[in-house]
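A short write-up of the structure that comes next.
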Ligand code: SAH
């Protein structure tokens, strides 16, 4: 039986234009009893067919639109066709030996919200963002197998009650990787483990930023990399001949992971500082010691709770940025990044502007980044274009 849901009159045009997320507030009678993975039809209040989608409950909504064509059936061939198009769009990535890790399928940007697929040097990683999309696993894995050669396929089930990663053996099929595998990104090496929790060691969406740090900004600089995770930005800075890097992250695992990233690139980790500390405590420590840097990299999570405090990018970025400004030398550079989808670039610029205003400092925006081409974005869904990076220079 097909489930029919009626759109509120005021939302009909938005869905006609191709808006992909099935939002509760857009529906006349939001029925939250429909089973995960069910196909639903959206109709206008005048009973006109608008779109078909699937039910996959997640914090963003009830599910995702899959097609606006009434004649499409949502079956194995449908998924194969979406994957084939997406893979075709990444042709230049597959053919570039300097970069062997990239996104092959980017959710609603490639026509299926709640599903992403990344490529890591022969291995594929599928991210399922709801139980609903996971119901189509067989068809989607089969389609992928028919379309590409692969060594192994892994998955992340990101749909526990809070929409978080479910810890599991993430191997799906093929041969198991001997992790870490080393992937290339613009001829830099990154160690990746596809079967060790929610994160794999490198965030592919920052590729262009890492390249810019290496090619345009790092030469001769003393670099402070905050929220450094495995130190991917520090690696890029060292490839760009930074004189010294300091990587700061709260997580204990960040230290061995950063040592590993330095080592697979032939850098002596003992010549670098790797500090396991709350960034806000590090700022205090640096102030006490009068430490300053030529370049500060800020890439906090959208939301983080530690024993002492919670950080929310939407509320606290201006304060964080002000701290970074204090530690940055004149003419120094700050790379300010956020992956928070709840505000746009304009708003992010206003946070940065405010921080300079509050610290009575002048600045210049040198560069701006959003998602790279493999992270295809749906124009009707700007929240999907979540990455915002500003490179700013503190003036004299
Ligand atoms: N910039 C990294 C990704 C950052 S992920 C990269 O490009 O690879 C966010 C990181 O912030 C996580 O590693 C987490 O451990 C760390 N983190 C969260 N809150 C923190 C805090 N208060 N102080 C230091 N690190 C923090």
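The values are calculated or read from the model by the stated rules, or taken from the named source; none is laboratory data. A quick note: this is a predicted structure, and the numbers were derived from the prediction, not measured. Note that each Cβ is placed from the backbone with ideal geometry, even for glycine, and that neighbours are counted across all protein chains shown.
Among the residues of segment 62-93, the one identified as surrounded by fewer than 17 Cβ atoms within 10 Å (Cβ to Cβ), under 14 Å from residue 106 (Cα atoms) and out of contact with any helix residue (DSSP H, G or I) (no Cβ under 9 Å at 6 or more places or on another chain) is 88. Exactly one residue out of 313, 286 is in contact with a strand residue (DSSP E or B) (Cβ under 6 Å, 6 or more places away or on another chain) and either under 26 Å from residue 384 (Cα atoms) or in the same structural domain as residue 230 (by TED's automatic domain parsing) (or both): that is 313. Within the bounds of segment 260-282, is there any residue that is part of a strand (DSSP E or B) and within 11 Å of the ligand (Cβ to nearest atom)? So far as segment 260-282 goes, yes, one or more of its residues are part of a strand (DSSP E or B) and within 11 Å of the ligand (Cβ to nearest atom). Summed over segment 175-225, the residues that are in contact (Cβ under 8 Å) with a residue 60 or more places away in the chain, part of a helix (DSSP H, G or I) and within 17 Å of the chain's Cα centre (by Cα) give a count of 6. Being touching a residue at least 60 places away in the same chain (Cβ under 8 Å) and either more than 15 Å from residue 294 (Cβ to Cβ) or within 14 Å of the ligand (Cβ to nearest atom) (or both) is the requirement here; does residue 235 meet it? It is false that residue 235 is touching a residue at least 60 places away in the same chain (Cβ under 8 Å) and either more than 15 Å from residue 294 (Cβ to Cβ) or within 14 Å of the ligand (Cβ to nearest atom) (or both).
Where strands (runs of 3 or more DSSP E) fall wholly inside segment 286-332, the ranges with 1 or more residues that are free of Cβ contacts under 8 Å to residues at least 60 places away in the same chain and under 29 Å from residue 214 (Cβ atoms) are 303-305, 310-312.
Within segment 110-131, one or more residues are assigned to a helix (DSSP H, G or I) and at pLDDT 95 or above.
Results for (1) crowded, with 18+ Cβ neighbours inside 10 Å; (2) more than 22 Å from the chain's Cα centre (by Cα); (3) under 24 Å from residue 182 (Cβ atoms); (4) within 14 Å of the ligand (Cβ to nearest atom), shown as yes or no for each residue.
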{"position": "244", "(1), (2), (3), (4)": "no, yes, no, no"}
{"position": "258", "(1), (2), (3), (4)": "yes, no, yes, yes"}
{"position": "296", "(1), (2), (3), (4)": "yes, no, no, yes"}
{"position": "301", "(1), (2), (3), (4)": "no, no, no, yes"}
{"position": "305", "(1), (2), (3), (4)": "no, no, no, yes"}
{"position": "309", "(1), (2), (3), (4)": "no, yes, no, yes"}
{"position": "314", "(1), (2), (3), (4)": "no, no, no, no"}
{"position": "323", "(1), (2), (3), (4)": "yes, yes, no, yes"}
{"position": "328", "(1), (2), (3), (4)": "yes, yes, no, no"}
